[in-house]
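The next block holds one structure in the form of structure tokens; read it before the comments.
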Amino acid sequence: MKNIDDLMTSAAELAERGLSKGEIADELNVSRETASWLVERSDGPESKNTREAAPGGPEDIHVDWNAIGRDSNRLGHIGSAMADLLSKQGEAVDLTIGVEKAGAPLATTVARELDTDLGTYAPRKHQWDDDDMDDLGGTFSRNFAQIRDRECYVVDDTITSGTTMTETVQAIRNQGGEPVACVVLVDKQGVSDIEGVPVYSLVQVIRVGKDN
């Protein structure tokens with residue numbers, strides 16, 4: 001199990017490799033605020049602060065699904081389970097969109113299981129560091145299937161705040177497509193729909209405490 005020190009070390013290593021804070025958030029499956037906090041409190045190149053200099057931090061849940069992602073057989077089984085959650089949602093769906101980076105391999109297994117084409121979307125958070133996200137934009141990869149006014153499924157690994165999934169749904173609609181359903185491995189928010197599109201998850205995380 002990773003602790004805060006492990007996450008700070010990982011954040012520093014990723015920052016040294018040139019990843020933006022948005023990409024670090026994606027790699028560590030934490031919010032952008034948490035990723036920023038980890039980088040700034042680490043011994044990485046973006047801050048001279050020591051880890052002891054700033055106690056506390058944002059409230060978040062780290063999700064580590066490396067045991068699934070590193071094994072193609074396990075990934076295939078998980079993809080089958082995710083596909084099963086989508087199987088009764090729309091009979092004319094012939095396109096599955098994976099949210100890069102981690103959602104793409106999951107979407108590949110889902111698309112194979114449901115016999116659909118495969119597309120990928122790179123959200124704007126991958127470009128985000130400290131600037132305003134409103135000035136950034138996501139992109140659909142031209143190396144995969146295009147929307148072309150089709151109905152589609154959306155696949156990602158984790159919903160942390162719902163911002164990326166909301167952006168993806170809107171981007172699909174802007175391309176003339178119609179998102180029919182979304183599916184993720186882990187939903188930290190417990191959402192039932194985004195922009196009117198039903199959301200399914202294999203695992204929902206519910207915080208229980210005095211503030212809930």
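The values are calculated or read from the model by the stated rules, or taken from the named source; none is laboratory data. Quantities reported herein were computed from a predicted structural model and do not represent experimental measurements. The protein model used for the area step is the full one, side chains on, heavy atoms only, and it has no ligands, DNA or RNA in it. Shrake-Rupley method; radii C 1.70, N 1.55, O 1.52, S 1.80 Å.
Based on the alpha-carbon gyration tensor of the stretch 150-212 and its eigenvalue square roots a ≥ b ≥ c, which shape applies: rounded if a/c is under 1.5, prolate if not and a/b is larger than b/c, or oblate? Could you put the intermediate results ahead of the total?
Details: a/c = 2.85, a/b = 2.22, b/c = 1.29.
In terms of gyration-tensor shape, prolate.
Here residue 124 sits with roughly 60 square angstrom of accessible surface, probe radius 1.4 Å. By a 1.4 Å probe calculation restricted to protein chains, residue 87 has an accessible surface near 60 Å², given to the nearest 10. Heavy atoms of the protein chains alone define the surface here; on that basis the stretch 160-204 has 39 Å² accessible area per residue at 1.4 Å probe size.
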